[in-house]
Amino acid sequence: MQDSTVDTAFDHERVVLHHGRRSGLPVIAAVHSTTLGNAVGGARLWTYPHWRDGLTDALRLSAAMSLKNAAAGLAHGGGKAVIALPPGTVLSAERREAVLRDLGDLVDSLGGAFIVGEDVGMHAEDMLIVREQTPWADCLPTSVGGIGEPAEPTSVGVYAAIEATARQVFGTADLNGRRACVVGLGQVGQRLARRLAAAGAKLTVSDIDPARQAIAGELGADWTEPGQALFTETDLLVPAALGGILTPDTVPRLRCAAIVGPANNQLSDDAVADTLAERGVLWAPDFIVNAGGVIYGVEVSLDGISPEAALSDVRRIGDRLASVFTRAERDGVTPLATALADAIARLTDPTGNGAHAFPP
Ligand SMILES: NC(=O)c1ccc[n+]([C@@H]2O[C@H](COP(=O)([O-])OP(=O)(O)OC[C@H]3O[C@@H](n4cnc5c(N)ncnc54)[C@H](O)[C@@H]3O)[C@@H](O)[C@H]2O)c1
């Protein structure tokens, strides 16, 4: 599945597609913008029907990173890397290492315009290999003084966003007894499911990996098949798998009051935000909700801010989202329109926001 949304006009600064010298695999780096500073974003290691689908994903994800970083007030632009595995590829340990080195070389060739972290399909340990090829790699394991998996701060930010969304829709952030459905029990989804269960939410969970059903048992959650998960009757739908799931076809069948989750690029295109609003479903813009990992990574790794102070900034995602909801309601527009306007205002006025141009 590929992530979608974000305008498809070509407005990227630089896109490089390499045939990995060691691995023979397609490795892509997309630098969308360095207007606010050098681009930051993760690398995704995923199987695509065709490498062109991986390229499309890189283009859209990097553009979304520009919005995310701008809306979060970071002095960085947006970038994304994709390692596009052909269908049926099973990576041996040697080939995995080879493609990670290919990725490192590609990022290095950009000379610091893009600092790469990890995304879906990658782990902090992988970044150690990437780092051997380039200094422009982040999200190293905590064992070597890195920030580790960004999933932890991401989930802290998403949880603050879930509370803000509940307050907006139900008048209270108390999740005790509130129904929530988490779709995707990966690094972020699993953490959210645990936090929601601890808060007393009535949970439904799902994943395409049947082994994750054990987590449902552990948390006392209902399990639903992935094909049906989106249409679960629930208060809060929490998309925590891949993007492109909210489409003109799926939105009419939703049975939730609000949608708030970490998945990138949840809308198949921006017009779906209007359809959601017409149906009375509150959608929390994903690029506001899931910025916790990048905020934490930039502040701790690059800006030298303490982990505690960075986490407190991550929790402010709840306030930022509440402000988006309030202004959208006041102006009679969707939360997406308000969040986009915030991000674009920063991108078009970098000097007024303490941002610096690349190179810093
Ligand atoms: N990890 C982060 O810090 C971070 C930050 C920002 C955004 N995100 C986004 O959040 C989402 C989840 O990230 P993650 O790091 O947890 O990834 P992950 O790879 O650890 O987990 C994704 C999970 O989704 C499952 N999945 C895939 N397709 C599914 C489907 N159709 N139905 C149900 N489950 C499905 C996978 O089996 C896997 O368990 C992604 O869209 C990612 O881009 C993650």
Review point. What are the residues whose amide H is under 5 Å from the amide H of GLY77, where those residues sit 5 or more places off or on another chain and H is modelled from the backbone?
Key: LEU36, GLY37, ASN38, ALA39, VAL40
Check your understanding: Among ARG167, ARG179, what's the order by accessible area (1.4 angstrom probe), most exposed first?
Key -> ARG167, ARG179
Exercise for review: State which stretch of the chain is the longest one without any exposed chymotrypsin sites (Phe, Trp or Tyr not before Pro), exposure meaning a DSSP loop state and at most 16 other Cβ atoms within 10 Å.
Suggested key: 11-230
Exercise for review: Heads up, I need the accessible area for GLU132: 1.4 angstrom probe, whole protein in place, Å², nearest 10.
Suggested key: 120 Å²
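At a 1.4 Å probe, what is the % contribution of carbon and sulfur to the accessible area of the stretch 212-333?
That fraction is 47 percent.
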Point to revise | Estimated dipole of the stretch 177-247 in Debye, rounded to 20 [Cβ of Lys and Arg +1, of Asp and Glu -1, Cα centre] | key: 300 debye
Exercise for review: Report the full-extension gain for the segment GLN213 to GLU308: residue separation times 0.36 nm, less the Cα-Cα distance, to one decimal in nm.
Suggested key: 30.9 nm
Check your understanding: Could you give the angle, 0 to 90 degrees to the nearest 10, between helix 51-71's Cα long axis and the longest principal axis of the Cα atoms of the chain?
Key -> 70 degrees
Point to revise | Rounded tilt (10° steps) of 335-348 against the dominant C-alpha axis of the chain | key: 30 degrees
Study note, to complete from the structure: When the charge dipole of the chain is computed with +1 at the Cβ of Lys and Arg and -1 at the Cβ of Asp and Glu, the Cα pointing farthest to the positive end, of LEU175, LEU321, ILE83, is that of LEU175
Exercise for review: Provide the descending list of Cα extents for the stretch 1-128 along its principal axes, expressed in whole angstroms.
Suggested key: 40, 28, 21
Check your understanding: Taking only protein heavy atoms and a 1.4 Å probe, what accessible area per residue, in Å², does the stretch 137-259 have with all protein chains in place?
Key -> 39 Å²
Check your understanding: Ignoring ligands, DNA and RNA, how do GLU308, GLU278 rank by accessible area with a 1.4 Å probe, largest first?
Key -> GLU278, GLU308
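Any idea what the dipole of the stretch 1-96 comes to, in debye rounded to 20, about its Cα centre with Lys/Arg Cβ at +1 and Asp/Glu Cβ at -1?
Numbers: 10 positive and 7 negative charges, 72 e Å.
Here the stretch 1-96 has a charge dipole of around 340 debye.
Among the DSSP beta bridges whose two residues both lie in the chain, what percent are antiparallel, rounded to the nearest 5? Present the calculation step by step, with values, prior to reporting the outcome.
Values: 11 of 41 bridges.
In the chain, DSSP labels about 25 percent of beta bridges as antiparallel.
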Check your understanding: With every protein chain kept in the model, how would you rank ILE162, ILE129 by accessible area, 1.4 Å probe, largest at the top?
Key -> ILE129, ILE162
Check your understanding: Within the accessible area of the stretch 24-65, what % is carbon and sulfur when the probe is 1.4 Å and the other protein chains stay in place?
Key -> 60 percent
Practice item. Have a look at ALA263, GLY217, TRP46 and report the one farthest towards the positive end of the charge dipole of the chain, computed about the Cα centre with Cβ charges (Lys/Arg +1, Asp/Glu -1). Key: GLY217
Revision key, fill the gap. For the stretch 225-271, shape from the Cα gyration tensor axes a ≥ b ≥ c, cut at a/c of 1.5 then a/b versus b/c, turns out rounded
Review point. With every protein chain left in place, what is the accessible area of ASP249 in Å² (1.4 Å probe, nearest 10)?
Key: 100 Å²
**Study point:** Amide hydrogen neighbours beyond the local backbone of ARG14, cut-off 5 Å, H modeled
**Key:** VAL31
Point to revise | Overall Cα dimensions of the chain, principal axis frame, Å, largest first | key: 52, 49, 39
Point to revise | Cα-based helix-to-principal-axis angle, 124-133 vs the chain, degrees rounded to 10 | key: 30 degrees
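Which shape class, rounded, prolate or oblate, goes with the stretch 222-333 when its Cα gyration tensor gives a ≥ b ≥ c as root eigenvalues, a/c under 1.5 marks rounded, and past that a/b bigger than b/c marks prolate? Present the calculation step by step, with values, prior to reporting the outcome.
Details: a/c = 2.34, a/b = 1.61, b/c = 1.46.
Cα axes put the stretch 222-333 in the prolate bin.
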Check your understanding: Which one of LEU17, LEU192, LEU282 has the biggest mean-square fluctuation once the chain is modelled by GNM with Cα springs under 10 Å?
Key -> LEU17
Review point. Taking a probe of 1.4 angstrom, what is the accessible area of LEU91 in Å², to the nearest 10?
Key: 40 Å²
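The values are calculated or read from the model by the stated rules, or taken from the named source; none is laboratory data. None of these values were measured; they are calculated from a predicted model. No Cβ is skipped: glycine too gets one built from the backbone with ideal geometry, and neighbour counts run over all protein chains shown. Areas reflect the complete protein model, heavy atoms only, side chains present, ligands, DNA and RNA absent. Shrake-Rupley method; radii C 1.70, N 1.55, O 1.52, S 1.80 Å.
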